[in-house]
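Below is one structure, written out as structure tokens; comments come after it.
The values are calculated or read from the model by the stated rules, or taken from the named source; none is laboratory data. Quantities reported herein were computed from a predicted structural model and do not represent experimental measurements. Cβ atoms come from the backbone with ideal geometry, glycine included; neighbour counts cover every protein chain shown.
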């Protein structure tokens, strides 16, 4: 991409995302902006980090950092900003989970934390390629650690403190999950439960009989409750 094209992209992103310009570092320019979900966890514990767990936001790739950014003006002004410097990235993996037809996941890892970015297939492919190009061009010291072949077993393990950082995985993964605990199954259960509740209420009102609409309503209610329980257990 030419310098003029990069400048146009940077100005477009800075113009669209209110408040982002003031939070750029000296010499930092945005390269790519996509919508997504930013989820930060600590490597050691696997628990949500100080950024507050999952957040729907703009995923912004710059020549210095990969960041999640969101600006909210109502009901009060709030800014979400979490970032990982390109030079600190030790692993990048594009993950496809079974039974997730709409979303893909990009795992970006450093020594201290893991960032899970969930977005559409088209957007995650663009981010994957853009991140790799940005690391190669702007953080060559990190690129040498990202040249391992995609299929190397065990390359994604975290290095022990004080040891030399191993070459990490930089590739793609297919992750198989059980259907009953997949986001697709939970969504179908939730939507189906809500539909049963609506049908049950309508049948109750039309027939004026609790014996007709009641079982449908309570079956739907149980489906909704069960879907919420399963979702919470996955956190």
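Answer with yes or no whether residue 99 is at pLDDT below 80, assigned by TED's automatic domain parsing to the domain that holds residue 11 and surrounded by 14 or more Cβ atoms within 10 Å (Cβ to Cβ). Lay out the reasoning, then the answer.
Numbers: at pLDDT below 80: yes; assigned by TED's automatic domain parsing to the domain that holds residue 11: yes; surrounded by 14 or more Cβ atoms within 10 Å (Cβ to Cβ): yes.
Against the criterion (at pLDDT below 80, assigned by TED's automatic domain parsing to the domain that holds residue 11 and surrounded by 14 or more Cβ atoms within 10 Å (Cβ to Cβ)), residue 99 qualifies.
Yes/no matrix, rows are residues, columns are (1) assigned by TED's automatic domain parsing to the domain that holds residue 132; (2) in contact with a helix residue (DSSP H, G or I) (Cβ under 8 Å, 6 or more places away or on another chain); (3) at pLDDT 60 or above; (4) not in a helix (DSSP H, G or I):
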{"residue": "153", "(1), (2), (3), (4)": "yes, no, no, yes"}
{"residue": "161", "(1), (2), (3), (4)": "yes, no, no, yes"}
{"residue": "168", "(1), (2), (3), (4)": "yes, yes, no, yes"}
{"residue": "186", "(1), (2), (3), (4)": "no, yes, yes, no"}
{"residue": "192", "(1), (2), (3), (4)": "no, yes, yes, no"}
{"residue": "203", "(1), (2), (3), (4)": "no, yes, yes, no"}
{"residue": "219", "(1), (2), (3), (4)": "no, yes, yes, no"}
{"residue": "224", "(1), (2), (3), (4)": "no, yes, yes, no"}
